[in-house]
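No lab work stands behind these numbers, since they all come straight from the coordinates. Worth saying up front: this structure is predicted, and the values here are computed from it rather than measured. Ideal geometry is used to build each Cβ from the backbone, glycine not excepted, and the neighbour counts take in all protein chains shown.
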Amino acid sequence: MAAMIERERRLAPMESWEIPRPKPWYQKLARLAADNPVGAVSFAIVVLFVAVGVFGASIAPYNPKELDASSQYLGPSGVHFFGTDKFGHDVFSRVLTGAQIDLKFGLVVMLVGFIPGVMLGVVSGYARGWADYVIQRSAEAWTAFPALFLLLTFVSAFGPGLKTVEIVVAISALFSGSRLLRAVALIEKQKEYVTSARSTGATETRLLLRHVVPNIMPFILVGFSSVFAVAVLLEATLSFLGLGVAPGTPSWGADLSFNADNQGTKYPFLVLFPGLAISLVVLAFNLLGDTLRDILDPRLRGSTGTRK
Amino acid sequence: MLRYTLRRLSFLPIILLAVSIITFVLLRVLPTEDFADVIGGINATQEQKDAIRDKYGLRAPVFPVTVSGQCERVVWYVPKCSLDGSVLEFHPHSQYGSWLIHALRGDFGTTFNNNADVRHEFVRRFPASFELVFLSLSFSVFFGISFGILSAMYRNTPLDYGVRIFAVLGTSIPEFFLLTLLIVIPSYLWNYAQPSGGYVPIYDDPMHNLRLFLPPALIVGVAGSSGLMRLVRTTMLEVLRSDYVRTARAKGLRGRTVILSHALRNASTPILTAVGTAFIAVFGGSLVAERILSIQGNGLFFFTSTLSRDLPVIQFLAVYTAAVVVIVNLVVDLSYAWADPRVKYS
C-alpha cells in the first residue's frame, strides 16, 4: 500500500516548476524538536549541563566551600534550595559547581580517548592489516574486564586521583570508539559511492576524509553521546568510592558519599540531590544518543529499543 | 567440542601469565610513588623505609632478566635503554620469579597489612562474593530475558513503553546511588535498617542472610539487566518477523511454544553473549555493593587493598579476575551449541 502511494506520488505531474524555498534553520530545528520531544528535552538538559559546567561556579548563590557552623543540616527552603550539609555548605551551590568537574572530565576523555579512538577505528577498519589485528585484540582484552577492576588496578599503581581515572576511562573510550567505528568503516568501504569516488581518481586520503568520514558522522555523534554518559557515570562512581577528586572538592559522586556517611539517614535530601543530578545528566546523554541515532541513521531505527 | 574446550582451556595459563606480568609492570615498575612512603607514612625515616623494602622483598630486581650497565629497569620496557654493548643479567631472586614459583605451588604470599595468607583470606571472603554475584546474575538474567520477550511480544503497548523506559533508566541511574538509597530511604521512612557487614551463611540463618543479600542483589541485578533487556527485545523483534515463526503460528502451535522453543531458541546466540556481558557488569557492580554495605567479600578486599597498596592481594585478585573472565567467556561460547545445535566448533 505504502509503495503504491509512493509510486503514484512520483508519477504525478509536477504542479509547479518553482523550486521550494529552503526553510530557515530555526523552522527546521523546531520541526525536528516537535518530532522528537524526548530528544529535544534531553538536548536541552545537555545544554543546561554544559552551561552549568561553564558558569556554575560564578552563578552559585553561596561559596560551595565556605564553612558555616550556624547553618548545619538545614532542609530545602527558599534560602537554600537544596538545603545544607554537615559543614553548612549550600548543597545547591555544590551541585552547580560539581557540574564543572564532570564537564571537564568528559571533555578530556573525549579529546584524549574517544576522538583518537574514532580515527584509529576508521583507519584500521579501512586499511586492515596487522595493526588492525593488534588494536582489535587489545580492545577485546581490555573490554573483557569490568571497568571498575581495571580502575582499581591502575589506582593501586598510580595512586588515587582524577588523573588516574582520566587515563583509564580515556583508554576505555579509545577502545570503544575504535571498535564502534571499525565495524562501521568495514561496511562503509564496500559501498558503491566509495568505488565510484575511487574510479574518478580520488586519492585514498581524500576518499577517507571527504567521502567516508561525512557518511559515518552519525555513528561518531551517537558514540560521542553514549561514551560521554559512561564517562560521567565512571567519574561519579570513582569519586563516590573516594578514588577520584580530592576530598572537599564539590563533586556529585564525592558529595553523595560524604552526605550519606554524615547523617544521610536523617536527611535523605542531602543524598538525593547530587544523585539526581548525576542520573539526569547521564540519562540526557543516553537519550540524546538514541534520538541522534534515529534521526541521523534511519537504518538503525529500532535497534536500541527506545523508539519504534 | 571436547577438543575445542581443551584448546580454549590451554590458552588459560598463557593469559594468566600475561596478566601477572602486566600487573607486575603496573604495580612494581611503573609507580611514580614509592611503596615504602605509602606504607610507612610520610614521616618514616630512611631506615624505616629500607626495613619496609627488605621486609616485603621490594629491593630485589622486579624481573628475572635485566640489562647491566646503563639500565636499572627492565630493558624491554624502558625505551631509553640501548641494547648495544650491554649484557643480559639473570637474577635468581627476582620479585616476579619468586612470586611465580610460589604461585605455581598455590602459594600467593602473605598480605602486607596483617601478614595473613592471601589464599586463605580469599577463600574466607569467597562465599559472600559468590552469593552476591550469583543472586544478582539470576535476577539480571530473569528480568532481562522475561521482560525483553514481553516487550517484544507486546510491542508498542504500555508494557513495552514501561520496559523501554525502565531499561534506559537502568543504564543511567548509577548503582551506587540506588544502593545508598537502599540504606537511606527505608531508614528514614520506616526506621528499618538494611543490615550491613558480617556474613552469615544461608544454612545458619536464612532470614538474616536473605535480608543482607536480597536487596542489594536485586538492585545490582535489575540495574545490570537493562542492557540484556534491550538486546532481547530487539533480537526477538527480528526473529518474530521471520518465516518459521509465522509457520509455527500457522500450524496452530501455542503462543508459548512458538515464543520459547521457536523464537527464543533462534535468538539464543546474541542473548547468551549479552548474558556474558551482564555477568561482567554484575561482577563489577557487586564490588560497589560490597563497599557500600561493607559486605566482607573479595570486591571489598580488592578495594581496601588498592587503597593500602597491598601488592600480593592485588596481584592475586587481578589473576583471579582474569581467570573468571576467561572461563565465563568460554562457558558462553560453549553454551551456543547447547542452545543452538547448528553451531559447530572448529
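Specify which residue in the list A:PHE228, A:PHE145, A:LEU207 is farthest towards the positive end of the charge dipole of region A:138-247, using unit charges on the beta carbon of Lys, Arg (+1) and Asp, Glu (-1), about the Cα centre.
A:LEU207
Answer with one residue from B:HIS208, B:LEU231, B:LEU189: the one whose Cα lies farthest towards the positive end of the charge dipole of region B:161-249, charges on Cβ with Lys, Arg +1 and Asp, Glu -1.
B:LEU231
Pop the C-beta distance of B:ARG256 and A:TRP130 into the FRET formula with R0 = 51 Å and round what comes out to the nearest 0.05. Please list the in-between numbers first.
Numbers: r = 50 Å, r/R0 = 0.99.
So, using R0 = 51 Å, E works out to roughly 0.50.
Please average, across the residues of A:246-259, the number of beta carbons from any other chain that are within 10 Å of each residue's own beta carbon, and give a whole number.
On the way: counts 0, 0, 0, 0, 0, 0, 2, 3, 0, 0, 5, 4, 0, 2.
Across A:246-259, the average partner-chain Cβ count within 10 Å equals 1.
Taking the mean number of other Cβ atoms within 10 Å as a proxy for protection, how do you rank A:177-183, A:239-245 from highest to lowest? Write out the running numbers ahead of the final one.
Numbers: A:177-183: 23.1, A:239-245: 24.9.
Packing order, densest peptide first, comes out as A:239-245, A:177-183.
B:ILE314: net charge of surrounding residues, Cβ under 13 Å, Lys/Arg +1, Asp/Glu -1, itself excluded? Don't skip to the end; give the middle numbers.
Numbers: positive: B:ARG28, B:ARG309; negative: B:GLU121, B:ASP310.
Surrounding charge for B:ILE314 is 0.
Looking only at other chains, what is the average number of their beta-carbon atoms within 10 angstrom of each beta-carbon in A:156-163?
On the way: counts 18, 14, 5, 6, 2, 0, 0, 0.
Whole-number average of other-chain Cβ neighbours for A:156-163 is 6.
Modelling each spin label as a point 7 Å along the Cα-to-Cβ direction, I'd like the B:LEU17/A:LYS266 distance in nm, to one decimal.
6.0 nm
To the nearest µm²/s, what D does Stokes-Einstein give for region B:108-245 at 4 °C and 1.567 mPa s, using the Kirkwood radius over alpha carbon pairs as Rh? Each step should come with its number before you reach the end.
Values: Rh = 17.5 Å.
My calculation gives 74 µm²/s for D.
Could the peptides B:8-15, A:145-152 be put in order, highest first, of the mean number of other beta-carbon atoms found within 10 Å of their residues? The partial results should precede the final answer.
Working: B:8-15: 12.2, A:145-152: 22.9.
Descending packing order for the listed peptides: A:145-152, B:8-15.
Averaged over its residues, how many other protein chain Cβ atoms are within 10 Å of peptide B:226-237's Cβ atoms? Let's see the in-between values first.
On the way: counts 1, 0, 0, 1, 4, 3, 1, 3, 4, 0, 0, 3.
Shielding by partners across B:226-237 averages 2.
For B:VAL332, what charge total do you get from the other residues with a beta carbon under 14 Å from its beta carbon, if Lys and Arg give +1 and Asp and Glu give -1? All intermediate terms of the calculation are to be shown ahead of the outcome.
Numbers: positive: B:ARG8; negative: A:GLU140, B:ASP333, B:ASP340.
Local net charge: -2.
Count the net charge of all other residues whose Cβ sits under 14 Å from the Cβ of B:LEU9, scoring Lys and Arg as +1 and Asp and Glu as -1.
Numbers: positive: B:ARG3, B:ARG7, B:ARG8; negative: B:ASP333.
Surrounding charge for B:LEU9 is +2.
What is the spin-label model distance, in nm, from A:GLU18 to B:HIS102 if the labels are put 7 Å beyond Cα along the C-beta direction?
8.8 nm
How would you order B:113-121, B:172-180, A:155-163 from highest to lowest mean count of nearby Cβ atoms within 10 Å? Can you show the working numbers first?
Numbers: B:113-121: 14.3, B:172-180: 24.0, A:155-163: 19.4.
Put in order of decreasing packing, that is B:172-180, A:155-163, B:113-121.
Would you mind computing, in nm to one decimal, how far apart the modelled labels at A:TYR193 and B:ARG3 are, each placed 7 Å from Cα along Cα→Cβ?
It works out to 4.7 nm between the two label points.
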